[in-house]
Amino acid sequence: MTAHTPKYRRYEAPERREMLVEAGLACLADGGVSGFTIDRICEAAGGASRGLITHHFGSKQQLLRACYATAYDRMLGAAAPGGSAQTSLTEMIEALLSDDYTSQGTLRAWLAMWGEVANDPDLMLEHRRYYDHYLQRVVQAIREASDGRTLAISEDALATLFISMVDGLWLERCLDPERLSRADVRQACYDLLEAFLGPIRPQND
């Protein structure tokens with residue numbers, strides 16, 4: 001006798017929430033904020049019902065905030081310091097300006113979410129919390145790389161310059177990858193940091 005295979009799988013609440021967040025991010029990457037509709041999200045989540053968004057998040061806007069948090073967590077994870085301080089700064093540059101992270105889909109998703117930050121006070125608070133975390137991570141990496149030396153500018157100022165440069169280069173590379181190569185943006189970041197910290201780029205460069 002052939003075993004009966006259930007037609008539908010029952011997902012646990014955390015799995016269902018994750019599926020909806022992934023679907024939301026996929027919709028943002030595909031169509032920007034205009035693609036972030038309940039119907040499209042439900043379709044991307046494998047035919048989930050509209051009520052599941054309300055059940056798990058309360059509203060589509062709350063789901064957007066969850067998507068933002070997930071996207072930022074992944075960005076911070078990609079830029080996570082590991083090993084020596086010099087390696088951690090290198091990892092940030094290599095990860096955040098990689099070909100995978102400068103895709104058109106990633107650009108559409110981030111632009112859509114950033115556009116909503118100005119309209120949603122709760123999303124603005126989420127943005128500030130994550131940016132502060134990112135800034136402090138870069139400050140700590142710079143502090144360790146400086147190895148007690150006095151820098152020409154403060155660690156906070158250098159970290160802000162670095163983040164601003166990465167953001168600007170990331171945006172320009174997403175918009176026109178033929179104009180700025182990966183080598184171009186990497187060199188710009190290393191040149192900035194090395195002006196204050198000394199050599200930090202990989203030995204094989």
Give me the 1.4 Å probe accessible area per residue for the chain, excluding ligands and nucleic acids, in Å². 55 Å²
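Looking at the chain, which longest stretch skips every one of the trypsin sites (Lys or Arg not before Pro) that is in a DSSP loop with at most 11 other Cβ atoms within 10 Å, leaving the sites themselves out? Write out the running numbers ahead of the final one.
Working: sites that count: 7, 9, 10, 149, 179.
In short, 11-148.
Given Cα pairs under 8 Å that are at least 6 residues apart, what percent is the relative contact order of the chain? Let's see the in-between values first.
On the way: 181 pairs, mean separation 41.7, N = 205.
Relative contact order of the chain: 20 percent.
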Estimated 222 nm signal from helices in the chain, with DSSP H stretches of n ≥ 4 weighted -39500 (n - 2.57), rounded to 500: -23000 deg cm²/dmol
Taking amide H positions as placed 1.01 Å from N in the peptide plane, with prolines and chain starts having none, which residues 5 or more places from residue 48, or on another chain, fall under 5 Å of its amide H? none
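Computed over the Cα atoms of the stretch 67-197, what is the ratio Rg over Rh, Rh following Kirkwood? Don't skip to the end; give the middle numbers.
Working: Rg = 14.9 Å, Rh = 15.4 Å.
Ratio value, two decimals: 0.97.
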With axes computed from alpha carbons, what is the tilt in degrees of helix 13-31 against the longest principal axis of the chain, rounded to the nearest 10 within 0 to 90? 70 degrees
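How about the stretch 162-196: which GluC sites (Glu not before Pro) there are in a DSSP loop, with at most 14 other Cβ atoms within 10 Å of their Cβ? Please list the in-between numbers first.
Values: sites: 172, 178, 194; in loops: 178.
Sparse-neighbourhood loop GluC sites (Glu not before Pro): 178.
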Would you mind working out the magnitude of the charge dipole of the stretch 67-197 relative to its Cα centre, with +1 at each Lys and Arg C-beta and -1 at each Asp and Glu C-beta, to the nearest 20 Debye? 80 debye
Of the candidates 45, 71, 183, which one comes out as most mobile in a Gaussian network treatment of the chain with C-alpha springs shorter than 10 Å? 183
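The values are calculated or read from the model by the stated rules, or taken from the named source; none is laboratory data. Here the structure is a predicted model, which is why all the values come from computation and not from measurement. Note: ideal-geometry Cβ built from the backbone for every residue, glycine included; neighbour counts use all protein chains shown. Just so you know, the surface numbers come from the protein's heavy atoms only, side chains and all, with ligands and any DNA or RNA stripped out. Shrake-Rupley method; radii C 1.70, N 1.55, O 1.52, S 1.80 Å.
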